[in-house]
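The structure appears right after this line, and notes come after that.
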2 protein chains.
Amino acid sequence: MSMEKLLSPKTVAIVGASEKEGFGGDTCRNVLSYANPDNVYFVNPKRDEVFGRPCCHSIADIPVDIDLVVLCTPQKTIEPLLREAAAKGAGGAVVYASGYSEVGTPEGVAAEESLKALCAELDISLMGPNCAGFINYIDRVVGFAFISDERDRTGSVGFVSQSGQLCLSFMDNKSMRFSYSISSGNSSVVTMEDYLDYLIDDAHTKVVGLYLEGVTQPEKFEKALRKAAQMRKPVVVLKAGRSEKGSKVAASHTGSLSGADVIYDALFQKFGVIRVNDAEELLATTQLFATLPTLPRQAGLASINLSGGETGICADMGEMAGIEYPDFEEETLEKLRALLPSYASPANPLDTTATISYDAEVYASVLQTVMDDPNVGLVVIGYTLLHEIADPCIHHMAKGIESVVKNGRAKPMVMLPFFENSRNPEYLDKLNGLGVPVLPPPTYGFAALRHLVDFIGYDPDENTLELAIPEKTEATGRRTLSEFESASILREYGVRTPEGSVVDTPEAAAKTADSLGYPVVMKIASADIAHKSDMGGVALNIKSADEAREAFERIMGNARTYAPDARVDGVYIQKMLPPGVEVIIGVNSDPQFGPAVLVGLGGIFVEIFRDTSLRPAPFGKDEARRMLKRLKAFPLFNGYRGQEALDVEALAETIAGVARLAAERRNEIVELDINPVFVYGKGKGICAADALVVVKD
Amino acid sequence: MSMEKLLSPKTVAIVGASEKEGFGGDTCRNVLSYANPDNVYFVNPKRDEVFGRPCCHSIADIPVDIDLVVLCTPQKTIEPLLREAAAKGAGGAVVYASGYSEVGTPEGVAAEESLKALCAELDISLMGPNCAGFINYIDRVVGFAFISDERDRTGSVGFVSQSGQLCLSFMDNKSMRFSYSISSGNSSVVTMEDYLDYLIDDAHTKVVGLYLEGVTQPEKFEKALRKAAQMRKPVVVLKAGRSEKGSKVAASHTGSLSGADVIYDALFQKFGVIRVNDAEELLATTQLFATLPTLPRQAGLASINLSGGETGICADMGEMAGIEYPDFEEETLEKLRALLPSYASPANPLDTTATISYDAEVYASVLQTVMDDPNVGLVVIGYTLLHEIADPCIHHMAKGIESVVKNGRAKPMVMLPFFENSRNPEYLDKLNGLGVPVLPPPTYGFAALRHLVDFIGYDPDENTLELAIPEKTEATGRRTLSEFESASILREYGVRTPEGSVVDTPEAAAKTADSLGYPVVMKIASADIAHKSDMGGVALNIKSADEAREAFERIMGNARTYAPDARVDGVYIQKMLPPGVEVIIGVNSDPQFGPAVLVGLGGIFVEIFRDTSLRPAPFGKDEARRMLKRLKAFPLFNGYRGQEALDVEALAETIAGVARLAAERRNEIVELDINPVFVYGKGKGICAADALVVVKD
């Protein structure tokens, strides 16, 4: 399968070429506007000419071999045309036609299966079906079916969308400049993962934007994201399905199996992928990365504005987005005092007052002064650029910005408007040309800036860039291991569990209890009995051999009475643990991405405050420690209110051990719960008080 | 002071009238564009004509008496001109000139004081100084200094801004329609509170928008908000200063004393005021309220969109904003199945598919069907209206919307675009005319919708629409009462405290302990000793008269040794409390708005999770109960995990008692802390285990 023949072909045939409105005509119009026409061949059995260019009557009539065929024709013509195209050497095809799996009928699904099989037979990389096609702006290749206003959009955003509508909306935005814009449709042959991988490798693509409804090839997805992380190429993803209703919509739209949404958050965090909440934020964030000539070298932002009201908005909205505005150095403040009107009070965020925006030179000096502050990584210029310019200050501001850029000491800058609007095209182009993106209003703009700050703070070397993707299996059953079995597995991975063993006579109980030392805990040992306490299967605080003997008889008796059908291994005797701070460690295996480890403080912290950290396995101790630090309740680990600091190191070691276990046994374990782990004071370790492992069966 | 002569004058003089750029010329241009010119008189000593209209050489030359004078002239001319205007009957003045308190110099502050005194002397309602003026769109009165594009902006938003820039930005938005647009400047004579009050009373104003940097007249503010709540007129406020840096900016911009920001949140919640985070959200929310012909009658929203991607965004972003999308009734689903293409799967949010948007009749039927669903209060039409229309579907959609409106069974509707842009003016006007506001993209749009839902859910009758604003006082000192004194005050307001009293001999200690019943707790009784335990001033779990005698000697001895200078009242003996769930009740008195009561679960819940409810006093038990219900930890009160349900009623009663105490003693109490209150099981009440009251001194 050749991605090059599809996305970067040398020769292209447009089948169904026409001058009418509709797929054929609109594709031809796009070709004439954006494509290098030399190697494009129009095909239509009924026409000799289309828009004044010669038109072949069939693919076979084309005088040269072709790489890519763009089929603007209805579903029933597709398979024969693909055969014809293959005979002419085509390795890529774009199919707009619908009527496939997206209609949800058995016929539609069958048609798509047949199409896939044919592509495999002919070795054709097919985009679609049910797509709007693509434009490769770099090589000027066009197979795109929707019209938008004519202008140069060549740039460095590689965009792939499972929704054609979003593709078109992105092209409608005056700031967007693309390397590739791809509407992938049903993505049944060439998949979203293939496009992603291609764009990450593509040298012209500075940032990849992705509208994602679901993943079908987790291994490919993982591999692509690892590569992007290692190359430090930003990948910005709008993943539908944060809400329960949204995830239903995504599933019904593409039929892709979407796992729990939280796993995507955890996965993206691990690989440094930027997740956005909606299409506008996706647009703003990709545009930001694409337009900045360099990334900021530190997280601190400076905000400069022309009015006090706007400065206050930047202060508040920035802080709410987690933006850090470092205080200016005294030297910076001194210079600003000399530059600004006497009634201005220099600070970060800075109200420059409107006065200075009418003097390009002073404006440039203020900008340069703020940039020169050693704590500043990027400058946010607050200004509402309108479509129709009424206030001439933008002229002077742009001149000031330009002279700072030309002086060569510029740090990254963005312009942040306070209201939505179309932006004046002339100034938009000028600012874009200077490397200054114009963001959307504060909520979106600061969200994009926060993504930028997170991106520069991400270090691929600090993250285990792997998933533990399980093999596909037919097994649908699940079997719960007994507590004793569960504990044995955990111990193999260095997780401390209470000393103890399973005994099957009263004498053995007494002997084992003696050798463990008192007090001990005794529990019925049976994988069939889940709620041990409820049926009298637990005895706590046993203090002598006699008590142990007596407890054994009682527990076994209760089991016979209340759970006569349960398979009983005996009684599990454990040394009773001193109480510690209760932590929960859990593992859940996502059918696509494999196990992820969850950690949180026990009880209400997890259940009411939802204060948990989640991370896909495998990962090591450093990552486990970072998981703990991300908990809101983390201060409780560190000696809260004069209490003893807890053994965070031992806990991190334990979490990492569980992650290793989950990864190594990815094909076996469905679920694992340690609830609770007792965490003791610094240097005193932890102990898994109760553990349960569920395996595939 | 006449607000009418300022804001709704019969005759207006523009002093400094001119044809040049600048305040004078731009004000005249605005007059010619928007004002009823019949009663406007231009004044300029150097001109006989301005823009072809006669111009008087002085105010005295004006042939009639005037109500309002607009001074476009520099600071030094202001006071003499005000005297001239007053002589001509003026009761209102607009002063653009700056150089007053906003420059922060002693001269500026003095100039403003002098101006205020003069206005008091002349009985003039003055807008400004340092303002951009206002336009009264209803009576066509103009005293506004900034130019924006010419078009009719008459509508029902009354907007007051302490920032002139925001005023102008609001006018730049094509959807905004105003009753009044007021840039209030320094607001030193006529205050922001006066404008607010005026607009709440104004029949043409449907919604009041306010950009607020600080309150200077809390009583007026309270009165205005109470009136608005009772009239059910929405007041939407952008209050600067959510962040620490933002609150510094606000303070330096207007010099207004801004109290803790959290008190504004609590205050606004009480009065049903809508607080927004930035200017775009302010604009969107006021526009939403102004444009909808009626408010929705229930909170459930329906979302309809042309693509699956957009439907997913609405599902996710709506849920994140706390929007409720009720499931459609079976009857609705059935009708939709008949109307939509076979491959559509009806649900809420609804993907109608793009097909139906090209058929006005079908589109109208779908819209009406969704509206007819009994669970739906408002319909959100997801569609990115662009400036240049490329896709004709909007034509059919608008026709469909129109026919639904004309049929007379329409529920409220909004249009929600997915990307920022200017909107096509023709369709914008059409949709506005049909009562369908076009919102900004999802983050902002859903925030505005959430405000709408909150507004219709607010019931003024469920809120005590009062504050306990303290009298201004010179007292700056504070005095901490002893625990015994504090407890006595609390008991007056029905708060249960442990039985006990202060004794000053060992014999009295033994006798008191005997009569209380054992065990008892004994503590040093001294307002001068804060940390009683540290100096051996506390004895717990005293079980006999002998122990009580002995403890008395020991505690008094320790006090003599370790706090020789403290004034000691004796030893406070209390019955020892059984432990309960620990709750904190606190009161802090805001210098402007008076006491607010805070409640939260003790320890980490307050300190780490910041899980608290705050409400300004006074209020009653129902409100106290709602405060508790708003706590994230509320499930813990209600029998979490099989534990005993707590006595929420007794706790609510106690909180209401504290609120009454705080309100009645507003001029005395600075701070009050009950930490902890023990809350017991249902029917078993509460007890304030430790309480501290700090009073003014």
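The values are calculated or read from the model by the stated rules, or taken from the named source; none is laboratory data. Predicted model, so just to flag it, every value in this text is computed and none were measured. No Cβ is skipped: glycine too gets one built from the backbone with ideal geometry, and neighbour counts run over all protein chains shown. What goes into the accessible areas is simple: the full protein's heavy atoms, side chains included, and nothing from ligands, DNA or RNA. Shrake-Rupley method; radii C 1.70, N 1.55, O 1.52, S 1.80 Å.
So, R0 is 30 Å and r is the distance between the beta-carbons of A:Ser342 and B:Glu474; what FRET efficiency does that work out to, to 0.05? Could you put the intermediate results ahead of the total?
Numbers: r = 33 Å, r/R0 = 1.11.
Given R0 = 30 Å and the Cβ-Cβ separation, E is 0.35.
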A:Lys629 and A:Val64 label points (each 7 Å along its Cα→Cβ direction) are spaced in nm at 5.7 nm
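Using a 1.4 Å probe on protein heavy atoms only, how many Å² of accessible area do A and B hide from each other, summed over both chains and rounded to 100?
Working: alone 29570 and 29540 Å², together 53290 Å².
The A and B chains share an interface burying roughly 5800 Å².
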Which value, in debye to the nearest 20, gives the size of the charge dipole of chain B about its Cα centre, when Lys and Arg are +1 and Asp and Glu are -1 at the Cβ?
-> 360 debye
Over what distance in Å are the Cα centres of the stretch B:141-220 and the stretch B:482-518 separated?
-> 58 Å
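Show that you can apply the helix-only estimate: for chain A, add -39,500 (n - 2.57) for every DSSP H stretch of four or more residues, divide by all residues, and state [θ] at 222 nm to the nearest 500. Could the numbers behind the result be given before it?
Details: 22 runs with 261 residues, N = 697.
When only DSSP H runs of four or more count, the value is -11500 deg cm²/dmol.
What translational D, rounded to a whole number of µm²/s, comes out for the stretch A:581-696 from Stokes-Einstein when the hydrodynamic radius is the Kirkwood one over Cα pairs, at 20 °C and 1.002 mPa s?
152 µm²/s
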With a/c under 1.5 counting as rounded, go ahead and sort the protein assembly as shown into rounded, prolate or oblate using the C-alpha gyration tensor (a ≥ b ≥ c being the square roots of the eigenvalues; past the cut-off, prolate if a/b is larger than b/c, else oblate).
-> oblate
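From the P(r) of the stretch B:5-58, can you give the percent of Cα pairs sitting at distances over 14 Å?
Details: 685 of 1431 pairs.
When every Cα pair of the stretch B:5-58 is considered, 48 percent fall beyond 14 Å.
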Take B:Asn407, project a point 7 Å from its Cα along the Cβ direction, then tell me which residues of the stretch B:360-395 have their backbone nitrogen under 17 Å from it.
-> B:360-381
Any chance you could check the stretch B:436-482 for residues losing 50 Å² or more of accessible area when the partner protein chains are in, compared with the chain on its own (1.4 Å probe)?
-> B:Thr443, B:Tyr444
Enumerate the amide H contacts of A:Phe144 below 5 Å, restricted to partners 5 or more residues apart or on another chain; note that Pro and chain-start residues carry no placed amide H.
-> A:Phe134
Quick one: if you stick a label point 7 Å off each Cα along the C-beta vector at B:Val109 and B:Glu361, how many nm between them?
-> 7.5 nm
Euclidean distance of C-alpha centroids, the stretch A:24-45 and the stretch B:32-85, integer Å = 66 Å
Per 10 Å bin, what percent of the C-alpha pairs of the stretch B:293-461 does each bin hold, from zero upward?
-> 10, 43, 38, 8, 1, 0
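For the stretch A:535-676, what relative contact order do you get, as a whole percent, if you take Cα pairs closer than 8 Å and at least 6 residues apart?
On the way: 182 pairs, mean separation 34.7, N = 142.
Here the relative contact order equals 24 percent.
Between A:Ile389 and B:Thr154, what's the calculated FRET efficiency when r is the beta-carbon distance and R0 is 30 Å? Round to 0.05. Don't skip to the answer; put the middle values down first.
On the way: r = 26 Å, r/R0 = 0.85.
About 0.70, to the nearest 0.05.
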In this structure, among A:Lys248/A:Lys472; B:Lys46/B:Lys88; A:Lys682/B:Lys523, pairs with alpha-carbon gaps over 28 Å are A:Lys682/B:Lys523
Quick one: give the max-minus-min coordinate of the C-alpha atoms of the stretch B:168-215 along each principal axis, largest first, in Å.
-> 31, 24, 14
Excluding ligands, DNA and RNA, what is the solvent-accessible area per residue of the protein assembly as shown at a probe of 1.4 Å, expressed in Å²?
-> 38 Å²
What would the Debye formula give as log10 I(q)/I(0) at q = 0.05, 0.06, 0.11 Å⁻¹ for the alpha-carbon point model of chain A, no solvent?
-> -0.35, -0.49, -1.12
Summing +1 per Lys or Arg and -1 per Asp or Glu among the other residues with Cβ less than 14 Å from A:Gly128's Cβ gives -3
Would you mind computing the Rg to Rh ratio of the stretch B:499-575 from its alpha-carbon coordinates, Kirkwood style for Rh?
-> 0.94
From Cα coordinates alone, what are the radius of gyration and Dmax values for the stretch B:638-697 in angstrom?
-> 14.1, 48
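Using alpha-carbon pairs under 8 Å, 6+ residues apart, how would you state the relative contact order of the stretch B:354-441 in percent?
Numbers: 125 pairs, mean separation 29.6, N = 88.
Dividing the mean separation by the residue count of the stretch B:354-441 yields 34 percent.
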Carbon plus sulfur fraction of accessible area for chain B, probe 1.4 Å, in percent = 50 percent
If we count every other residue with Cβ under 15 angstrom of A:Glu471's Cβ, Lys/Arg +1 and Asp/Glu -1, where does the sum land?
-> -2
When the stretch B:1-147 is reduced to its Cα atoms, the Kirkwood hydrodynamic radius in Å = 14.9 Å
Which residues make up the longest stretch of chain A that has no trypsin sites (Lys or Arg not before Pro) in a DSSP loop with at most 13 other Cβ atoms within 10 Å?
-> A:298-408
Mind giving me the FRET efficiency for A:Asp454 and B:Glu607? R0 is 22 Å, r the Cβ-Cβ distance, nearest 0.05 is fine.
-> 0.20
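Could you compute the net charge surrounding A:Arg491? Neighbours are other residues with a C-beta less than 15 Å from the C-beta of A:Arg491; K and R count +1, D and E count -1. Please list the in-between numbers first.
Numbers: positive: A:Arg496, A:Lys575, A:Arg660, A:Arg665; negative: A:Glu483, A:Glu485, A:Glu492, A:Glu499, A:Glu653, A:Glu664, A:Asp690.
Taking every other residue near A:Arg491 into account, the sum is -3.
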If each part is reduced to its alpha-carbon centroid, the stretch B:653-697 and the stretch B:414-469 end up apart, in Å, by 39 Å
